[in-house]
Structures are given as C-alpha cells and as structure tokens.
Amino acid sequence: MENIKLAFTYNQKQQNFLSTILSYEEINNIAAAAIFGKNNLIGYQRRVENKHKDDIVKKLANENISPNSIILGMNQSVFNENVRYRNDLDFGTGQQFVSFDVNSLTNLKEDQRLRIIDGQHRIEAVKAYLEDNDEDDIKNMKFNVLIFVVNDNELEKEVDLFININSKAKRIRTDLAIMAKYNIEMQENSDKMNPISMLIIQTVILINSSENSKLFNSIRVDPNDTSGIGLVSVNVFLQSVGSIFKVMLTKGIYTDELEIMNDLKEKKEIKKLEHKIYELSEKLVKELFIPMWSDVFSKWPETVYQELQSNSATEDNDGIKYFYNNNFYIQQTIGVKSLSYVMADCIKSEGDLGRASQEFATIIKDSKVTAADWAVPPYRVTGKDTQNPPRWTGAFKGMSSEAGFKIVKEMITGKIPIRE
C-alpha cells in the first residue's frame with residue numbers, strides 16, 4: 001500500500017531542497033543519523049547525548065518540542081528513483097511540487113537511506129518516550145521536514161551543512177564531521193584514495209574520542225570552533241602520528257595489512273576497506289598510543305587533569321569533557337611533536353612495536369625532564385616545601401620549530417642537558 005506525500009521543491013545556488021510534513025514514525029522508518037563508528041567511517045555525528053535527549057523526553061508529556069525543521073539528507077540517485085515531479089499540481093502558488101512514496105523510501109538499502117542532519121535528538125527522544133508510553137498522538141507527531149538533496153559523489157556538502165548548523169548556532173562538537181570529510185573526499189575519488197592517510201586519520205579520531213585516553217578531546221579539529229576545546233591542531237597531530245607511521249612502514253611493520261588494504265582499494269571494495277582501516281586503527285590506539293601517553297602522564301601527572309574537566313554548559317550541550325591542562329606544553333605542539341619523535345626513534349631502533357613501547361616507557365621513566373620544564377611561563381605552583389617552593393621554569397619555551405622539537409626530544413632522552 002502506498003503512502004504518498006507531497007512536497008514543494010526549490011533551489012538555492014544550484015542546491016535542491018524539498019519541504020514537506022512527515023510524522024515521527026515516517027521519519028524513523030526512512031532515516032537515521034550518520035553516526036561515526038566501526039561500520040561507518042564517513043559517519044559525521046557523535047552518538048546521542050543522553051542528557052539532551054532526556055530533557056526532551058520530559059517535555060513530551062506536557063508541552064511541544066522544538067518546531068524547527070528536521071533536516072534530512074537524500075542522495076541524488078535516491079531522488080531520481082523515488083521522487084516524481086508533479087507538473088499537474090500548482091495550486092496557484094507558482095511552486096514546483098513533487099511527490100514520493102514513504103513506503104518505497106522505507107525499503108531502501110542501508111547505504112541509500114536518508115540521513116538525519118539535524119533533529120537527531122528529537123527523533124531519539126520520541127523513540128525513548130514511546131518505549132514507556134504507547135500513545136498514537138506521539139507516534140503521529142508531525143514535523144516540518146526539509147530534505148537536502150546531495151549528489152552521490154558530493155557528500156561533503158552535507159557534512160558542511162551539518163557543521164554550519166551545529167558549530168555556530170548550537171556550539172556542539174563537530175570534530176568528527178570535519179575529520180569524516182577527509183575520508184569522504186578520498187572515497188569520492190577512489191583512484192587517489194590513500195589507505196595509509198585514511199588509517200592515520202582514523203587513528204587520530206580514535207585517540208581524540210576515546211575516554212580511555214588522557215588525550216580525550218585534546219585535539220583542536222576545527223579552528224573556528226567557538227567552544228574553545230582542544231590544545232593542539234589536528235594538522236600537527238596528523239603530522240606527528242604520520243611520523244610514527246612513516247618509520248613503521250620503513251621497518252616493515254603491518255606490511256601485510258597494507259597489502260590487503262591496497263588490494264581492497266584496487267577492487268573498489270570500499271566497505272571492506274573501511275572495516276579493515278577501523279580494525280587496524282583501533283588496534284594501534286589500544287596497543288601503542290594509549291600506552292604511550294599513559295607512560296607520559298605517569299611520569300608527569302601534574303601536566304594533565306586526573307578527572308574529566310568540563311567547559312561551560314550550553315542549551316544544547318551539557319559541557320564538553322576533556323583532560324588536558326593548558327598550563328603545560330605537553331599536549332601542545334611542542335610536546336606532541338617531540339614525544340612522537342621519541343617513539344619514532346624507538347620503533348626505528350627496535351623494529352617491533354612491543355619492544356619499542358617498552359623502550360619508550362623506560363626512556364620516559366628515566367628522563368631527567370620534570371613537569372616544571374613542561375610548564376608554560378609564568379605558571380607556578382607551590383610545593384610541600386613552602387620555604388623553597390619549586391620554580392616552574394618552562395624550559396621548553398620557544399621550542400616551537402622542527403629544530404626545537406628535536407632539541408626537546410634530545411633533552412627527554414638525556415642526550416643533551418636540559419637548559420636552565
């Protein structure tokens with residue numbers, strides 16, 4: 001049985017939009033948010049923030065929720081197959097009308113389904129409410145829906161729309177969206193797709209998004225992000241992780257995996273390639289990068305918060321969590337670069353990630369560098385000896401160049417003395 005809906009269509013600078021009315025149940029049947037995860041490396045959204053969702057659930061019993069449009073993304077190929085121009089309809093408005101069958105959109109393959117660009121929390125809140133309240137008026141709750149029609153090979157335009165909506169109006173994290181664009185752009189030109197670049201990107205995403213890592217939310221992915229979260233730029237972190245990968249490749253580490261990834265690329269088996277990349281990046285974060293930075297912060301615990309901190313809450317976000325302490329260089333460019341160079345040298349000398357990690361841990365444990373050397377002047381703290389409190393010297397001030405990073409590396413490893 002058909003479920004035909006009418007919509008009117010319009011263009012803004014060659015971008016096609018549809019505007020219509022759909023119920024919660026219809027939206028839930030045809031669309032889902034593009035959540036980043038193991039099986040969706042081009043997903044550009046985080047999972048639902050439970051506090052925000054629960055706040056909406058509470059409102060559902062007694063009041064209306066936001067009347068703002070739910071914005072969905074639709075592939076041009078899906079539009080071509082499922083949407084019909086209705087030149088027989090005008091209603092004297094001068095608008096171009098179209099129609100589509102909701103049931104046909106419900107039966108689409110997973111990779112062709114519509115995507116919720118904005119409104120994910122409202123849809124999930126209604127779903128949660130209905131788990132305890134079987135109310136037809138909630139199931140049939142109507143939403144104004146705007147459908148963004150995007151060319152199949154231009155998905156980054158949809159990501160840009162998501163970023164524009166959320167980073168400015170709502171101030172929520174859009175870092176995954178920005179990182180996902182790297183993967184999307186490579187996949188849309190598969191001949192130029194570089195599995196190693198994708199692997200580095202995925203590794204950085206997981207380092208930054210894992211609460212098991214003291215680097216959680218420490219990377220400043222979006223330079224225009226007004227939330228002020230993150231100490232080191234994503235480009236610096238990509239370069240630093242890349243320097244470690246470069247040495248790994250020269251030592252033949254993960255050569256077999258790279259051959260598999262290149263073979264999947266040649267066969268254009270993109271989903272299998274995505275899965276392999278995520279699998280390997282997850283392994284590297286767990287076995288190399290989290291232990292690496294755990295060794296660092298075990299040595300210099302004063303340089304990082306031991307409990308999650310939170311920035312100021314907003315209406316749409318209950319505060320972005322992070323561990324880093326911006327009174328120290330250790331999670332800024334100087335620290336990230338120099339410590340990555342220490343690890344790269346360990347891999348170069350050992351030729352094995354396990355032995356390299358052990359050597360790195362020993363070097364850090366035995367290092368004469370103190371937390372005071374990492375301090376950003378004029379930061380000072382008072383120790384137990386109040387007569388002679390430690391002076392936090394900030395020995396690494398000004399070491400913000402490639403030459404400087406290598407000098408810091410030599411100080412960490414004890415090859416040259418720490419400057420006064």
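The values are calculated or read from the model by the stated rules, or taken from the named source; none is laboratory data. As the structure is a prediction and not an experimental result, all values here were calculated from the model. A quick note on method: Cβ atoms are made from the backbone with ideal geometry, for glycine too, and the neighbour counts reach across all protein chains shown. SASA here: full protein model, heavy atoms, side chains in, ligands and nucleic acids out. Shrake-Rupley method; radii C 1.70, N 1.55, O 1.52, S 1.80 Å.
Sorted on the mean count of surrounding Cβ atoms within 10 Å across their residues, most packed first, peptides 101-107, 62-68 read 101-107, 62-68.
Send over a whole-number figure in Å² for the accessible area per residue of the stretch 218-377, probe 1.4 Å. Could the numbers behind the result be given before it?
On the way: 7060 Å² over 160 residues.
Computed with neighbouring chains in place, this is 44 Å² per residue.
Sorted on the mean count of surrounding Cβ atoms within 10 Å across their residues, most packed first, peptides 211-219, 346-354 read 211-219, 346-354. Taking a point 7 Å from the Cα of residue 6 along the Cα-to-Cβ direction, the residues of the stretch 76-104 with backbone N closer than 12 Å to it are 86-100. Annotation for residue 403 and residue 368: the two label points, set 7 Å from Cα along the Cα-Cβ direction, are 2.3 nm apart. Using equal-weight Cα scatterers in the Debye expression, the normalised intensity of the stretch 93-161 in log10 at q = 0.15, 0.22, 0.26 Å⁻¹ is -0.74, -1.24, -1.31. Per-peptide packing, taken as the mean over residues of other Cβ atoms within 10 Å, places 88-94, 27-33 in the sequence 27-33, 88-94 from highest down.
For the stretch 239-296, with all protein chains in place and a probe radius of 1.4 Å, 51% of the accessible heavy-atom surface sits on carbon or sulfur.
Computed from the alpha carbon positions, the gyration tensor of the stretch 241-380 leads to an equivalent ellipsoid with semi-axes of 32, 23, 11 Å, biggest first.
Could you give the length gained by full extension between residue 112 and residue 137, i.e. 0.36 nm per residue of separation minus their alpha carbon distance, to one decimal place?
Details: separation 25, 0.36 × 25 = 9.00 nm, distance 2.91 nm.
Extending this stretch completely gives an extra 6.1 nm.
Computed from the C-beta positions of residue 61 and residue 160, the FRET efficiency with R₀ = 45 Å rounds to 0.80.
Per residue, how much accessible area does the stretch 58-162 have with a 1.4 Å probe, in Å²?
That works out to 53 Å² for each residue.
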